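The values are calculated or read from the model by the stated rules, or taken from the named source; none is laboratory data. Just so it is clear, the structure is predicted and the values come from calculations on it, not from any experiment. For neighbour counting, all protein chains shown are included, and Cβ atoms are generated from backbone atoms with ideal geometry for every residue, glycine included.
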Ligand code: SF4
Ligand code: SF4
């Protein structure tokens, strides 16, 4: 599948924002601290920024409001509805923290739950597509949710470090979720690499009873919408390198920095946390790029790819 | 509404495509584009139409495949390789994944005749339906930013202002080899249903669970080349020669 920048940025940035919103909703940061107020603002900004990126790939974005109507059947519509719904408790929590230095327990919990449901809906847009076999697994939502939680916790650690408030619990949770996210992702990727294709050129053409089916001629010599959108292929050797880069940046570096954090204090701790957040963000960006680039669409059985 | 109507719909209008007959001339492809660029919805635009990278939205495309049986590359040994031309457009699936993923309600399946359509005034051009279709039957129109797909020529088949013989999809009307047939596949007595029953009409990618309405008739079994070989006299053998040829054979042997 074509790794469109707008969709990659949308899923990574909004995932990060929802993770941070959940951390804030669960009251893991001191509501009286100024960095916590900034964190509330950052969470809302990340979420809105991500959603804006998602509208960039629409052919007619002025009609985007219509996407809220089909929540009964469409995960994309559910994602849109949940994104709007989630803004309510998040904005209430942000208001209380920013202007009254309070943490609202009930709306915080609701906000955290809504954030998780929204990320789940985003992941199900992909996981629900049977035509893209690599995505069509419960490990897809597991990865999206765990990466979002890990990213949110890392941001939480960062804001706690600015406030000079230890945040040992968050550091441990962040380590745990980083490990869980990458474990789930390893599992996802192993499944994808070992996959026996559900559909083949033989089943796609119904000609398997005669023999092996090979593409003789495409319908046309140039690319078309389908081959551009779904015919993207990344060389195996490059994919391997990128995968290792993603694990290094998104998993190992932030984990090492987290382990080093208890020994540091003051601005050094802030710098370590910032580096962990940045590395994780870049690593997940690469991971998300591969999520698209490595997935094969069933239609390629017709195009010999 | 992008929830699907109760299945099966009372009518299931669709196409039956005969892979034994299609000669791969692409006439249906061109006539489809010609009719639909002036018909239902936005025109089917092309990008860089006169340049080297011409590309555009088409609702019907013909692929060609080579089918090679085991050992079939050796002529006469076990069947032989053959070329099959393969037209493909929307199959108007009964369980259409392209419809249920649509967030806006633009994509829908008609409850009475099962035709799958896009209401372009509601489409935001998110492209998710094209991802959901395993057959590659949907293409985005890059000029209008809306999704295009086969309408089964909705503006012909019920159109009383044109002659009755023309009230079939443009591709069916055009096909010079008569490889394409249109009808109601829910009616077991219709011509198309009878054809499917007689020739073993098949679904494409049944494992995707889409239950397509359109059916494909497989190429008929061919007599292998080897079966015809004994009838062809081989030039090396002259044993059976008679009369003038026997005399000529003897003379030529002597000189
Ligand atoms: S062929 Fe594709 S576009 Fe047509 S109904 Fe089936 S899934 Fe939808
Ligand atoms: S591209 Fe249009 S028809 Fe297709 S899913 Fe999006 S809104 Fe629906």
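A few remarks follow.
- Scope segment A:293-305; condition part of a helix (DSSP H, G or I) and more than 14 Å from chain B (Cβ to nearest Cβ); matching residues: A:293
- Hits in segment B:56-70 - residues which are assigned to a loop (DSSP other than H, G, I, E, B) and modelled with pLDDT of 90 or more: B:57, B:58, B:59, B:60
- Qualifying residue in segment B:170-191 (condition: within 16 Å of ligand 1 (Cβ to nearest atom) and either facing chain A (nearest Cβ under 10 Å) or within 17 Å of residue A:70 (Cα to Cα) (or both)): no
- For segment B:130-146, taking the residues that are more than 7 Å from ligand 1 (Cβ to nearest atom) and not in a strand (DSSP E or B), the one that is farthest from the other protein chains (Cβ to nearest Cβ) is identified as B:143.
- Those residues of segment B:83-106 which are within 16 Å of ligand 2 (Cβ to nearest atom) and under 13 Å from residue B:137 (Cβ atoms), in sequence order: B:90, B:92, B:93, B:96, B:97, B:98, B:99
- Residue B:92 vs. criteria outside any loop (DSSP other than H, G, I, E, B), modelled with pLDDT of 95 or more, in contact with a strand residue (DSSP E or B) (Cβ under 7 Å, 6 or more places away or on another chain) and within 25 Å of residue B:210 (Cα to Cα): no
- Within segment B:149-207, restricting attention to residues that are within 16 Å of ligand 2 (Cβ to nearest atom) and part of a loop (DSSP other than H, G, I, E, B), the residue that is surrounded by the fewest Cβ atoms within 10 Å (Cβ to Cβ) is B:151.
- Each residue in segment B:109-126 was checked for being touching a helix residue (DSSP H, G or I) at 6+ places or on another chain (Cβ under 7 Å) and farther than 24 Å from residue B:185 by Cα, and 3 of them qualify.
One line per residue, one yes/no per condition, for (1) buried (at least 21 other Cβ atoms within 10 Å of the Cβ); (2) within 14 Å of chain B (Cβ to nearest Cβ); (3) closer than 21 Å to residue A:284 by Cβ:
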position	(1), (2), (3)
A:15	yes, no, yes
A:41	no, no, no
A:46	yes, no, yes
A:77	yes, yes, no
A:94	yes, no, no
A:112	yes, no, yes
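- Verdict on residue A:22 being buried (at least 21 other Cβ atoms within 10 Å of the Cβ), over 30 Å from residue B:95 (Cβ atoms) and modelled with pLDDT of 95 or more: yes
- Meets criteria (touching a helix residue (DSSP H, G or I) at 6+ places or on another chain (Cβ under 7 Å) and outside any helix (DSSP H, G or I)) for residue A:72: no
- Elements of type helices (runs of 4 or more DSSP H) contained in segment A:189-292, each with 1 or more residues being surrounded by fewer than 19 Cβ atoms within 10 Å (Cβ to Cβ) and within 14 Å of another protein chain (Cβ to nearest Cβ): A:201-205, A:225-230
- Restricting attention to segment B:95-106, the residues that are buried (at least 24 other Cβ atoms within 10 Å of the Cβ) and in contact with a strand residue (DSSP E or B) (Cβ under 9 Å, 6 or more places away or on another chain) add up to 6.
- Residues that are closer than 27 Å to residue B:18 by Cβ, at the interface with chain A (Cβ under 9 Å from one of its Cβ atoms), part of a strand (DSSP E or B) and under 25 Å from the mean Cα position of the chain (by Cα) do occur in segment B:71-82, at least one of them.
- Checking residue B:99 against (1) in contact (Cβ under 8 Å) with a residue 60 or more places away in the chain; (2) within 9 Å of chain A (Cβ to nearest Cβ); (3) part of a loop (DSSP other than H, G, I, E, B), the condition it does not meet: (3)
- Search result, residues across segment B:107-133 that are near ligand 2 (Cβ under 6 Å from one of its atoms) and either free of Cβ contacts under 8 Å to residues at least 60 places away in the same chain or out of contact with any strand residue (DSSP E or B) (no Cβ under 7 Å at 6 or more places or on another chain) (or both): B:123, B:124, B:125, B:126, B:127, B:128, B:129
- Checked against the criterion of being within 16 Å of ligand 2 (Cβ to nearest atom) and buried (at least 16 other Cβ atoms within 10 Å of the Cβ), the candidates B:44, B:19 yield just one match: B:44.
- Residue check, residue B:123 part of a loop (DSSP other than H, G, I, E, B) and away from ligand 1 (no atom under 11 Å from the Cβ): yes
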